Structure formats: structure tokens, C-alpha cells
Amino acid sequence: MNISKLFQLTEEDKAQYQKLIDRIDLNSSGKVIRTLNTKLDKLIASDSLNEIEVDLIKNVSVLVSIYQTYPDLTESIRKRILFAISYFCDVNDDIPDIVPEIGYLDDAVVARWVIESISKDLPEVSLA
């Protein structure tokens, strides 16, 4: 299943998210990562993961790896990564996480969007 065919970000969505990205407090990264660990543990512990959830876990893991591996990332990149992680951790985002089968669809699309934007800035980084 190609998640980009199920749900796409409009330019309006991207502009709205960019405003949120601009407001990200980089000093909150430790708290965001701790929240992420709890959220990932809960998701992974579920009986069966669908393709959307598997893609999301993979992409969030890539983002965390980049964040932790490259200490000299620009502020813009760090904020985009923290936004994607924060978005995933928010259970009441655009599609609430409790919605069966598609609750994580928007999270997966946001994570993929951030990865694509980072890949444009860091072509030497392998992003999956």
C-alpha cells in the first residue's frame, strides 16, 4: 500500500506545519525523545502492525537516528525532525491515533515529508 496515495499534504497543510515547526523549542528535545520512546513501545507491543504503522516506525527511527548521529544539523533540520516526532506523539493530531487502520496515516505522511525535506538538504545521508 502506497501511503502517499491514501493521504497527501496540501500546500496549505505544509504552510500550517511550517508555522508549527518554526515554533519548536529545541530545548525540549529530551522530553520529546522520552515521549517518543513510550509511544513507540506501546505501538510495537500491539498484536499486529499494519503497513502504515510499520512505515511510520521505520521513518521515525530514521529521523531519530539522524538527529542523534549528526550533532551539527542546522536548526531548521533539527526543528523539522522534532516536529515530526512531536506530531507522532500527539494522539489528537489531524487523524486521531485511535481511528482503526488509519489513525497513524497522517503521522506516517508527515514523517515521510520531513525525511524528503531533509534529504534535499543532506544528500549524503542515507534515509532508507
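Read-outs throughout are calculated quantities, based only on the coordinates presented, and are distinct from any laboratory measurement. Note that the coordinates shown come from a computational prediction; the quantities given were computed from them, not determined experimentally. Cβ: placed from backbone, ideal geometry, glycine included. Neighbour counts: every protein chain shown.
Odds and ends about this structure:
- Taking the chain and dividing mean pair separation by its residue count, relative contact order in percent (alpha carbons under 8 Å, at least six apart): 35 percent
- Per-residue Cβ neighbour rank within 10 angstrom, fewest leading, L26, L122, L73: L26, L122, L73
- Net charge of Cβ neighbours under 13 Å - reference S46; Lys, Arg +1; Asp, Glu -1: -3
- Across the chain, the fraction of Cα-Cα pairs farther apart than 26 Å, rounded to a whole number, is 15%.
- 19 Å tail of the calculated P(r), region 6-60, as % of Cα pairs: 51 percent
- The Cβ shell under 13 Å around S29 holds other residues with a net charge of +3, Lys and Arg each +1, Asp and Glu each -1.
- Partners of K31 within straight-line reach, counting lysines whose Cα lies under 25 Å from its Cα and excluding those fewer than 8 residues away in the same chain: K14, K19, K39, K42, K58, K79.
- Long-range Cα-Cα pairs in region 52-122 (distance over 13 Å), rounded percent: 61 percent
- Short-range pairs are left out: with C-alpha atoms under 8 Å and at least six residues apart, the relative contact order of region 52-122 is 42 percent.
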